[in-house]
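What follows is a single structure, written as structure tokens, with notes after it.
The values are calculated or read from the model by the stated rules, or taken from the named source; none is laboratory data. Predicted model, so just to flag it, every value in this text is computed and none were measured. Neighbour counts run over all protein chains shown; Cβ positions are idealised from the backbone, glycine included.
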């Protein structure tokens with residue numbers, strides 16, 4: 001038996017074809033390993049900036065805010081931040097301009113020009 005997995009990012013532009021033989025257990029590979037390799041191959045430039053931002057987040061926003069919020073993704077120059085509740089979403093809206101300025105000065109480049117706060121997991 002033959003299993004073919006095709007992962008397509010942008011059709012016709014970025015395509016990875018990963019093949020796995022299923023007739024011999026020695027050739028099995030966990031799907032998690034395949035997906036990790038794929039995702040690492042498409043790691044964009046913002047990944048390292050997001051990692052750095054998470055390191056400095058407590059310094060940028062303070063202890064209490066850092067315990068209730070976490071930067072999780074970029075979409076262009078918009079930062080997505082998960083918060084623990086709607087009150088944090090509301091309060092951080094008032095601090096948005098200051099947070100953007102502190103992020104850009106800490107990272108030493110214009111990394112963020114907007115922030116979207118949404119309720120989500122803080123891990």
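In the stretch 54-64, what residues are more than 11 Å from the chain's Cα centre (by Cα) and either modelled with pLDDT under 95 or closer than 16 Å to residue 115 by Cβ (or both)? 55, 56, 57, 60, 61, 62 - these are the residues of the stretch 54-64 that are more than 11 Å from the chain's Cα centre (by Cα) and either modelled with pLDDT under 95 or closer than 16 Å to residue 115 by Cβ (or both). Return a yes/no flag: does the stretch 28-41 have any residue that is assigned to a loop (DSSP other than H, G, I, E, B), modelled with pLDDT under 95 and within 14 Å of residue 103 (Cα to Cα). No.
Criterion first (touching a helix residue (DSSP H, G or I) at 6+ places or on another chain (Cβ under 8 Å), outside any helix (DSSP H, G or I), farther than 30 Å from residue 95 by Cβ and at pLDDT below 60) does residue 7 satisfy it? So residue 7 passes the test.
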